[in-house]
Amino acid sequence: MSLGDFRSLQLRLAVRLAILYVAVAAIAVGILVYQAYETAGSLNDRELDLRAEDLAHAMVTDSAGQPRLDLPSKLAAAYAAAPEDDLFAIRDANGRVIAASPAEFGARVGKWPPAKSEPSYFRLSGVGPEEVGENYYGLNVALRTSAGPMWISVARTEGSDSLVKSLLREFVFDTMWVIPLLMLATLGIGVVVIRNGLKPVREISQKAASIGPDATSVRLPQHSLPTEIQPLVVSINRALDRLEKGFAVQREFTANAAHELRTPLAIVTSALETMDGDGELKKLRTDVARMNRLVEQLLGVARLDAMALEFDTVDLNKVASSVVATMAPWAIAQHRTIAFVGSDEPVNVNGNVHALEDALRNLVENAVLHTPYGAEVTVTVDCDGRIEVSDHGSGVPRKDRENIFKRFWRGPGERNEGAGLGLAIVSETMRAHRGGVSIADNPGGGATFTLSFPSLPA
Amino acid sequence: MRLLVVEDEPRISELIKAALERAEFVVDTVRVRADAREALANTPYDAAILDLGLPDGDGLDLLAELRPAGNHIPVLILTARDAVEQRVLGLDAGADDYLVKPFAMSELIARTKALLRRPGAALGTTLKAGNIVFDTIGRDASIAGMPLQLPRREAAILEHLLRRQGRVVPKSVLEEKLYGIDTELESNAVPVHVHHLRRKLQEARASAEIHTVRGIGYLLVETKT
């Protein structure tokens, strides 16, 4: 299956599934990240609130009646530990700065407008030493304290929530990296799952590929198919039933027609034989002989079409010598000779002896008719499973070699002695034997037809 | 010589009868198996020509009845080409020869004569091909009435070729025939004898000649005039 073939149902389904899956996953991750950032932000705000409250609690009134910040030692130590990171400033209701850390922050906050009881958040930069120059995020709020209402400002460097953010960032980057992998994985899983699901479909398509004119009885398996496909397969099988029936009728017709023609032909043949005379009568006899031959060949073709040949172990030596012996008198009557060159050992192949004799007879007949008077046709059996029939005719032109085995084909200018079925029978017989027939030029002129058989498993 | 033809197709039967009668046989024809059975029981035929597909049953069954009953009449079976297995069955059932339809009448006559020439059969004594005549009892040959002197081995070969004229006789079969005469046989004995025999036939202007089918054997064919 090529990836470029986008008409593949498997691939299309897999890709669509994968895209959908990844899109859903990306949306889910996005929402998660967004929520996490939100939570991180509100956590920050909440902490600033708490600090402001802590500072408010720490406000006391001293003996002079003045408000004063009395930080618990722990908090004081914490603020002293990072004066640049954590800022605060406390103003009274008149805007006077009561306490601040560091002092610069106090100076700055002193110029700010009054705080409100609703907390307001701010961003700030450039407080503290130049080299620090950090950005701050802070809160202004007006709170009641034991020393009266106070305006409290707290701020912390923006980077101080960096742990949360970096965790988030890392999570996002991790997710990003996983997405293509996820895509591939889903694609892979999709392909495997769909392939498995479509396996019966592949199996029936393989089965369907074996259907042909010589294998019309094949039917596609209907069980264990997806219900979506089953009706299609059932219809195809029904169509095949009808085709097979049609084929059978056709074959039967050919066979019956040929068979029925035989008796009247035999009568005409015999009647012509009993008549005395020359000229027209002689021609008529030739014509009838040709018709006899045609009917025989039609029957041969019908036989090949109609039934599965029964195979047995066959010795090519015996087949060839028997055909040569049977045909020799006819060849001699045609003023040609015929010779058999056997192999020393039996050459066994798996085959049907009658079909093979028929095929070889056709080949020999063809060779004899194409060889000049007085010349010899040689039938050679080769020990590696071949029969060669060589003649001394004019050979077979290269361009005709494809067509010569087709039914009813005749070469241009061919004399009218055959119907063009003989070589078709040869080729179809060889196909039924999983062998082949080939044509080559003879060194001394003429053609050599070779029947080759697959070697018999020992 | 009297023959029985068992054939249900009237035109074919008629033509076979006519052809055999021209070859100077006396011919009776029947169309069904039952009639054939009766004819064979009542008349001493010299040979029978039996078509396998009969209206009231298979000709093979008739044959299967004859042989166990001790009737050894030579039988020539007529069979269709696509019933190839039947040929084998026919020979198993005791047929002496078969002929595949459609056949030439001349072939039918030749085969019938060959059947009658078999040892013990009606045409036991004289074999003919063209102007060659061979007496199987006296074992002497003549061409156009002129006696032809042949050594025993050449005569044996000629006899065998005549018995199966028009058909190829495998070299191995001729070797076996010679083996009966000579226990020591050289590997090229048959070709040598055939060569001599052929030359003698030519010199005597015989109207039949011996053809070699290289790799298989020899056959004797009447020369066409």
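Readers should treat all values here as calculations from the given coordinates under stated rules, not as data from a laboratory. All values derive from a computational prediction rather than experimental measurement. Every residue, glycine among them, receives a Cβ derived from its backbone with ideal geometry; neighbour counts consider all protein chains shown.
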May I ask you to evaluate 6.51 cos²θ - 1.76 cosθ + 1.60, the Karplus curve with θ = phi - 60°, for each residue of segment A:152-157 and list the ³J(HN,Hα) values in order in whole Hz, giving x for glycine and proline? 10, 10, 10, 8, 9, 4
Rg over Rh, two decimals, segment A:171-282 (C-alpha only, Kirkwood Rh): 1.53
Efficiency of FRET between A:Glu376 and B:Ala41 - r from beta-carbon atoms, R0 45 angstrom, step 0.05: 0.30
Cα centroid distance between segment B:33-47 and segment A:164-195, in Å? 97
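Could you work out the helix-only [θ] at 222 nm for chain A, with each DSSP H run of four or more residues adding -39,500 (n - 2.57) and the total divided by the number of residues, to the nearest 500 deg cm²/dmol? Kindly include the intermediate steps, with their values, before the conclusion.
On the way: 9 runs with 232 residues, N = 458.
Here the helix-only value at 222 nm equals -18000 deg cm²/dmol.
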When the C-alpha atoms of segment A:9-134 are aligned to their principal axes, what extent does each axis show, in angstrom, from largest down? 89, 32, 30
Counting only residues 5 or more apart in sequence or on a different chain, those whose built amide H sits under 5 Å from that of B:Leu52 are B:Leu78
Counting only residues 5 or more apart in sequence or on a different chain, those whose built amide H sits under 5 Å from that of B:Thr136 are B:Thr126, B:Leu127
Partners for B:Lys177 among aspartates and glutamates (Cα-Cα distance below 18 Å; same-chain residues under 8 apart left out): B:Asp135, B:Asp140, B:Glu154, B:Glu159, B:Glu186
Please list 3J(HN,Hα) in residue order for segment A:187-201, calculated via the Karplus relation 6.51 cos²θ - 1.76 cosθ + 1.60 where θ = phi - 60°; whole Hz, with x for glycine and proline. 4, x, 4, x, 4, 4, 5, 5, 4, 4, x, 8, 3, x, 5
Per-selection Kirkwood Rh - the protein assembly as shown (Cα, Å, 1 d.p.): 35.1
Taking amide hydrogens as modeled 1.01 Å from N in the peptide plane, which residues meet the under 5 Å criterion relative to B:Thr29, leaving out close sequence neighbours? B:Val5
Can you pull the Rg over Rh of chain B, Cα-only, Kirkwood? 1.01
Taking a straight Cα-to-Cα line shorter than 25 Å from A:Lys207, and setting aside same-chain lysines fewer than 8 residues away, one finds A:Lys199, A:Lys245
Calculate for chain B the 222 nm mean residue ellipticity that helices alone would give, adding -39,500 (n - 2.57) per DSSP H run of length 4 or more and normalising by residue count, nearest 500 deg cm²/dmol. -12000 deg cm²/dmol
Quickly rank B:166-175, A:272-281 as a protection proxy: mean count of other C-beta atoms within 10 Å, highest first. B:166-175, A:272-281
Which distance in nm do the two modelled labels at B:Asp135 and A:Thr286 give, with both placed 7 Å along the Cα-to-Cβ direction? 4.5
With viscosity set to 0.890 mPa s at 25 °C, what whole-number translational diffusion coefficient in µm²/s follows for segment A:314-402 from Stokes-Einstein and a Kirkwood radius over Cα pairs? 184
Rank-order A:345-358, A:93-106 by packing density, defined as the average count of other C-beta atoms within 10 Å over each peptide's residues, highest first. A:345-358, A:93-106
Hits among lysines - C-alpha to C-alpha of B:Lys17 under 29 Å, sequence gap 8 or more where chains match: A:Lys282, A:Lys283, B:Lys101, B:Lys113, B:Lys128, B:Lys224
